[in-house]
Amino acid sequence: MSIFQKEVIDGLGYDEKNNVAKLYIKDVLTFDQEEIHIQLLNAKLSNYLSFIINGELDSYIDSDDYDKEIIIDFISEPPKNVKEFLDYYHHSFKKNNIELKYTITSLKS
């Protein structure tokens, strides 16, 4: 599963304590080709939004009312243009009560 498979949900979990469904995107690309990277992120995030809005997520969560988070796991710090893109999506998702976050997990040991 990866950023290249836009139709696949990379990871899905449910935090019962905080009543939050968490959807994960594993992004293993560098930011050498920013424009292509943003296009791939856009396609993946659009698919995740559809998955939530169309009610598909509800079939995986045993709760009537829960919060939703999408977490993108990058391998390096996103550059300014990508952060601006994510900020746009963050505000757009907020309108649908979805939180967008990102983490950084370096591939270096």
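Looking at (1) part of a loop (DSSP other than H, G, I, E, B); (2) surrounded by 12 or more Cβ atoms within 10 Å (Cβ to Cβ); (3) touching a helix residue (DSSP H, G or I) at 6+ places or on another chain (Cβ under 8 Å), can you tell me which one Ser76 breaks?
Ser76 satisfies all of (1) part of a loop (DSSP other than H, G, I, E, B); (2) surrounded by 12 or more Cβ atoms within 10 Å (Cβ to Cβ); (3) touching a helix residue (DSSP H, G or I) at 6+ places or on another chain (Cβ under 8 Å) except (3).
Considering only residues that are out of contact with any strand residue (DSSP E or B) (no Cβ under 8 Å at 6 or more places or on another chain) and of a type in the set (S, T, N, Q), which ones fall in segment 1-17?
If the condition is that a residue be out of contact with any strand residue (DSSP E or B) (no Cβ under 8 Å at 6 or more places or on another chain) and of a type in the set (S, T, N, Q), then Gln5 is the only one that fits.
Quick one: would you say Asp32 is at pLDDT 90 or above and under 15 Å from Tyr102 (Cα atoms)?
no
Scan segment 79-99 for residues that are outside any helix (DSSP H, G or I), modelled with pLDDT under 95 and at negative phi and jot them down.
Answer for segment 79-99, where residues must be outside any helix (DSSP H, G or I), modelled with pLDDT under 95 and at negative phi: Lys95, Asn96.
Given the conditions (1) at pLDDT below 95; (2) in contact with a strand residue (DSSP E or B) (Cβ under 8 Å, 6 or more places away or on another chain), which single one is not true for Asn54?
Among (1) at pLDDT below 95; (2) in contact with a strand residue (DSSP E or B) (Cβ under 8 Å, 6 or more places away or on another chain), Asn54 violates only (2).
State all residues of segment 9-23 that are under 13 Å from the mean Cα position of the chain (by Cα) and either assigned to a loop (DSSP other than H, G, I, E, B) or under 17 Å from Ser76 (Cβ atoms) (or both); if no residue qualifies, say none.
Answer for segment 9-23, where residues must be under 13 Å from the mean Cα position of the chain (by Cα) and either assigned to a loop (DSSP other than H, G, I, E, B) or under 17 Å from Ser76 (Cβ atoms) (or both): Ile9, Asp10.
Could you list, in sequence order, the residues of segment 60-82 that are of a type outside the set (Val, Ile, Thr) and either more than 17 Å from Ile98 (Cα to Cα) or under 10 Å from the mean Cα position of the chain (by Cα) (or both)?
Correct list: Asp62, Glu69, Asp73, Phe74, Ser76, Glu77, Pro78, Pro79, Lys80, Asn81.
Among the charged types (D, E, K, R) and either under 16 Å from the mean Cα position of the chain (by Cα) or under 14 Å from Glu99 (Cα atoms) (or both): is that true of Lys6 in this structure?
Considered against the rule, which asks whether it is among the charged types (D, E, K, R) and either under 16 Å from the mean Cα position of the chain (by Cα) or under 14 Å from Glu99 (Cα atoms) (or both), Lys6 comes out as yes.
All but one of (1) at pLDDT below 95; (2) surrounded by fewer than 18 Cβ atoms within 10 Å (Cβ to Cβ) hold for Ile3; state the number of the condition that does not hold.
Condition not satisfied by Ile3: (2).
For the condition buried (at least 18 other Cβ atoms within 10 Å of the Cβ) and free of Cβ contacts under 8 Å to residues at least 60 places away in the same chain, what is the one hit in Asp62, Asp27?
The match here is Asp27.
Tell me which residues, restricted to segment 38-56, are farther than 11 Å from Lys6 by Cα and in contact with a Phe, Trp or Tyr (Cβ under 6 Å, 6 or more places away or on another chain).
Of everything in segment 38-56, just one residue is farther than 11 Å from Lys6 by Cα and in contact with a Phe, Trp or Tyr (Cβ under 6 Å, 6 or more places away or on another chain), namely Ile38.
The values are calculated or read from the model by the stated rules, or taken from the named source; none is laboratory data. Values in this document were obtained by computation on a predicted structure and should not be read as measured data. With ideal geometry, Cβ positions are generated from the backbone for all residues, glycine too; neighbour counts draw on all protein chains shown.
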